[in-house]
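Note sheet for the following structure.
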């Protein structure tokens, strides 16, 4: 048979169950537990910018100043009005005291005293209103100085000197580098295993091998299920010692390795569970890389090599883990160049 001839020419080996078959990997991303986007509360041109990406800032440190000349003038005018209102109140208070003395000596009527008291209370209310208005003007003037809400690292500065800030426009993004977590979408079948106390392991491929594997300090499974993918969000908090390492920050790629549920091998688990099936490993030399495609050649039932796209996992020695696209026992061609020449 032609298929037999192909299988004799091409050397193939069966895909083996990986050593980590009891665990499944899920792609995730590093996030900051505490991250704030500081936005403008008032309109104004950016006249001072004291932050750039990567800077470490202290709580209360001035990050951005907006043009506050008009607001400062309004505040000064309000203060002047307060001084005038206080002077008027002082005059009204003294006049009311004189009217009370005259009433006690029966020089004026009860109606005259009541009119004097009414004028005094009206002046007093006007002074209080001016004082409140001045306080509001001072508060408004403070909005033109943007400060860091907490100590952290500047992640983004989407404005430049001279830009016009409007209410709600983001000015600076700050995050706390000491509190990071890994978030990944996990099939529902893994929720019970995680909540039962089986902590996952976190892999940070961007770090050296000695620091790439981390045990999270806390795991949280969000109660909301995505109706489209039937997955839930799993959050794993990173230890402070790992969060402080160079290169570890929001947006970094990570993997969550979870213990596979006992019922995972049951057929018909659905697409989301199928993507979390136990991984297999193949020789590293069998992998084919073409542009953005990563795959390998698998022998079909007729013995003919077929190129199949796969997703890679960890590399251990001369073998690589296949996270998806291949099943244990399938025949993988060791020489992809020879397989490509077979027609």
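Choose one answer from 82, 248, 202: the residue with the largest mean-square fluctuation in a GNM of the chain with alpha-carbon springs under 10 Å.
Fluctuation is largest for 82.
Using R₀ = 35 Å, calculate the FRET efficiency as 1/(1 + (r/R₀)^6) where r is the Cβ-Cβ separation of residue 328 and residue 290; round to 0.05.
E between residue 328 and residue 290, to the nearest 0.05, is 0.90.
For a Förster distance of 22 Å, can you work out the FRET efficiency between the beta-carbons of residue 245 and residue 27, rounded to the nearest 0.05?
About 0.60, to the nearest 0.05.
How far apart, in nanometres, would the label points at residue 97 and residue 213 be if each is projected 7 angstrom from Cα along the Cα-to-Cβ direction?
8.5
Taking 0.36 nm per residue of sequence separation and subtracting the Cα-Cα distance, how much length would be gained by fully extending the chain between residue 118 and residue 11, in nm to one decimal?
27.9 nm
So for the chain, averaging the separation of alpha carbon pairs under 8 Å that are six or more residues apart and normalising by length, what relative contact order in percent results?
Relative CO of the chain lands at 28 percent.
Relative contact order for region 69-139: what is it in percent, counting Cα pairs under 8 Å that are at least 6 residues apart?
Relative contact order, region 69-139: 52 percent.
Rg over Rh of region 69-139, using C-alpha atoms and the Kirkwood radius, what does it come to?
Reported Rg/Rh, Kirkwood definition of Rh: 1.21.
If one takes the longest principal axis of the Cα atoms in the chain, at what angle in degrees, from 0 to 90 and to the nearest 10, does the Cα axis of helix 110-142 lie?
That helix lies at roughly 30 degrees to the long axis.
Top mean-square fluctuation among 293, 327, 252, Gaussian network model of the chain, C-alpha springs under 10 Å?
293
Given only helices, namely DSSP H runs of n ≥ 4 each adding -39500 (n - 2.57), what is the per-residue ellipticity at 222 nm of the chain, to the nearest 500 deg cm²/dmol?
Estimated from H runs of four or more residues: -9000 deg cm²/dmol.
Compute and list, largest first, the equivalent-ellipsoid semi-axes of the chain from the alpha carbon gyration tensor, each √(5λ) rounded to a whole angstrom.
Semi-axis lengths for the chain are 75, 23, 17 Å.
Relative to the longest principal axis of the chain, what angle (0 to 90°, nearest 10) does the C-alpha long axis of helix 69-104 take?
40
Suppose the chain between residue 160 and residue 47 were pulled fully straight at 0.36 nm per residue; how much longer would it get relative to their current alpha carbon spacing?
Roughly 39.8 nm would be gained on extension.
Quick one: length gained pulling residue 107 to residue 76 fully straight, 0.36 nm per residue minus the C-alpha distance?
Separation in residues times 0.36 nm, less the Cα-Cα distance, equals 6.8 nm.
Need the C-alpha centroid separation for region 301-342 versus region 131-188, integer Å.
50
Every read-out reported here was derived from the displayed coordinates using simple, explicitly stated rules and does not represent laboratory data. This is a predicted model, so every value here is computed, not measured. Cβ sites come from the backbone with ideal geometry, for glycine too, and all protein chains shown count toward neighbours.
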